[in-house]
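Some notes on the structure that comes next.
Nothing in this text is a laboratory measurement; each read-out follows from the coordinates by a stated rule. Just so you know, these numbers come straight off a predicted model, no measurement behind them. Neighbour counts are summed over all protein chains in view; Cβ atoms, including those assigned to glycine, are modelled from backbone coordinates with ideal geometry.
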Amino acid sequence: MRGGTYLMEEMEQGSLDMDRPGEVLRRAREAQGLSLQDVATRTRVPVRQLSLVENHDYAALPGVPYAVGFSRAYARAVGADEIAIAAGVRRELSSSDMANAPRYEMFEPADPARVPPRYLAWTAAVIALLLALGYGLWRSQMFTPPSDEQIAAQISSQNAKPAAGSGAAAPRPAPAPTQGPVVLTATDQVWLRIYDGTGERLFEKQMAKGETFTVPENANNPMILTGRPNAVAVTVGGRPVPPLGRPERTISDVPISAAALLARPAAPATGEPAAGNGAAVPATAAQQ
């Protein structure tokens, strides 16, 4: 069986100048014992198009670039000189009516054997869609404030815990005389809710950095619920008080009346709420 070596010898001897490109390709295919279907499998060019190339029926192809491109793919598949084949095809086209026919492409088509399968494109599209959906779900969960049901369940679970050394929760202290307005200032974007001892909402909002809220002085035991106590600076009559809780830890039922805040112990240097009494720490400690 004679293969690519036979073809190269023929081309070196000038047989390509005497034989038409389709004949050279056909002899190369038959020398390797290949059928048109075998070549079509290697090149991904349909059998019909390969048959047109062999028979020099270039007018039946979509255009000159396709005729040259299919011929080169055919030549590579059977071990022929694709440059010489392409030159022969162009010579034949220049002497035929097809040279004056309208061209559908301004470039030669890519080698069909190198074109990725269609299922790879679909797989990539599905993966991209799944990633986009996952990212959207993650953002919705990160930036959506807790629902009323979630907040109610959290408060109920915390209120259900009995006070230490007692079988029931300790009663809340009665409202004490105020000693100045209580002002909450957002040091970063933060969601919070302010409510009184009866559960009535006094304020609920996603506060922007620098936004403030003044707790009504006549509120009945006002309390706060938030998931970021470190993002809220609190002052009483302009006097900063210790942080309301640990950073990024949800707090609820924390009294924020003037008397309750001024009675809070000072926080230690670590930024954790202290257990004993002491002077109030600066407002910057609430942001750490």
Worksheet item: Sorted by packing (mean other beta-carbon atoms within 10 Å per residue), highest first, where do 123-135, 217-229 land?
Response: 217-229, 123-135
Item to complete: Output the peptides 52-59, 245-252 sorted from most to least packed, where packing is the average of other Cβ atoms within 10 Å over each peptide's residues.
Response: 52-59, 245-252
